[in-house]
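Here, each number is a calculation from the coordinates, and none is a lab measurement. No experiment lies behind these values; they were computed from the predicted model shown. Cβ placement follows ideal geometry from the backbone for every residue including glycine, while neighbour counts extend to all protein chains displayed.
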Amino acid sequence: MDKDIATPVRTRAILEKYGFSFKKSLGQNFLIDTNILKKIVGFANLTEKSGAIEIGPGIGALTEQLARECKKVAAFEIDQRLLPILADTLSPYPNVKIIHQDVLKADVKAVIAQEFTGIEDLMVVANLPYYVTTPIIMKLLEDKLPIRGIVCMLQKEVADRISAKPGTKDYGSLSIAIQYYTAAETVMVVPKTVFVPQPNVDSAVIRLTLRETPAVAVQNEDFFFKVTKAAFAQRRKTLLNNLTSQLPNGKQKKEEIMAALTASGVDPSRRGETLSLEEFASLSDALYPYFQ
Ligand code: SAM
């Protein structure tokens, strides 16, 4: 077996060979710890029949570990300068396909149809670029891809918000948006020392397991997400205050908002952070007829 890409010595040699300079604007913090990479791959529970979609392969540190564990890897990389490097470092792995695209603009469903025919078990596994972690995760979920889940490294602070439970300081519209689609868990906290260059913030790995159906049933998804965003607009305000100031014509519809709160059994003086997904769902359904 080839020497791992993700050792400090080999990584330095690759970077020097190609005169590669990191672009901070692309969130380039590469992993140089093989144990951490193996753990990340382990959290994805892949088999030799699985497929993996990676976002941002960098010089191939994680890609290599994935290629050894599963049938096929497709990796989206935005930085053209990395393409010749990846062609070199990943040459021992014919089951890897690098796609030179911004993942936020990519038609991931089409790529899956093309690259993973006959593969039934698909996971997204990535060390995400930190400047776009939330848009990438939301896009993957909203695109309703045929995947089992997502295992990814991101800022610990964002991981805390994603997996937060009601009643905690980190619980907010991001927790709800992601827990609507998935069961979310923080599976590992990662020190800065395993990256080059070291990021300014702490990191964590989360695992999102897609639900067969969303966590709660609502009449209208867009409106449900609008209500949850409105409820957290100003964290210290009550639900009634946030909803009247944030929903369209909310001030004129104060009576209706009061009626919907009463109908769904939610005290108007509560704060958004105390409501469960179920409570948000019944509130959203009670409000919906007044905002069509
Ligand atoms: N996977 C490598 C590792 O763990 O060492 C690199 C991870 S690094 C944190 C993030 C990678 O994402 C970089 O290679 C960067 O060029 C790439 N990237 C940044 N924005 C991207 C985007 N919008 N679409 C695809 N790749 C992107």
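Spatial offset of region 2-67 relative to region 150-166 amounts to 21 Å, using the alpha carbon center of each. Near ILE99, the amide H atoms lying under 5 Å from its own belong to ALA75, PHE76, GLU77; only residues 5 or more places off or on other chains count, and H is placed 1.01 Å from N. Secondary-structure-derived ellipticity at 222 nm for the chain, considering helices only, amounts to -11000 deg cm²/dmol, per-run term -39500 (n - 2.57) for DSSP H runs with n ≥ 4. Taken one residue at a time, the phi angles of region 51-66 give Karplus couplings (6.51, -1.76, 1.60, θ = phi - 60°) of x, 10, 10, 10, 10, x, x, x, 9, x, 4, 7, 3, 4, 5, 5 Hz. Gly and Pro are set to x. Phi angles across region 24-29 convert, under the Karplus curve 6.51 cos²θ - 1.76 cosθ + 1.60 with θ = phi - 60°, into 3J(HN,Hα) values of 4, 5, 9, x, 8, 10 Hz, Gly and Pro given as x. Name all residues of region 25-69 having a backbone nitrogen under 14 Å from the label point set 7 Å from the Cα of ASN200 along its Cα→Cβ direction, giving them as ranges. 25-28, by backbone N distance to the label point.
A crude spin-label estimate for the pair GLU185 and LYS38, with each label 7 Å from Cα along the Cβ direction, gives 2.1 nm.
Extending 7 Å from Cα along the Cβ direction at ALA13 and again at LYS144 yields two label points whose distance is 4.9 nm. Database remark: amide H of VAL187 closer than 5 angstrom to the amide H of VAL205, ILE206, ARG207 (H placed geometrically; neighbours at sequence offset of 5 or more, or on other chains; Pro and chain starts carry no H). Relative contact order for the chain: 15 percent, from Cα pairs under 8 Å spaced at least 6 residues apart, divided by residue count. Residues whose amide H comes within less than 5 Å of that of LYS72, counting only those at least five positions distant or on another chain, are ALA52 (H built at 1.01 Å from N in the peptide plane).
Annotation: extensible slack from ARG81 through ASN220 equals 45.7 nm (criterion: 0.36 nm per residue apart, minus Cα-Cα distance). Note on THR209 and THR193: their simple-model spin labels are 3.3 nm apart, each label 7 Å out from Cα toward Cβ.
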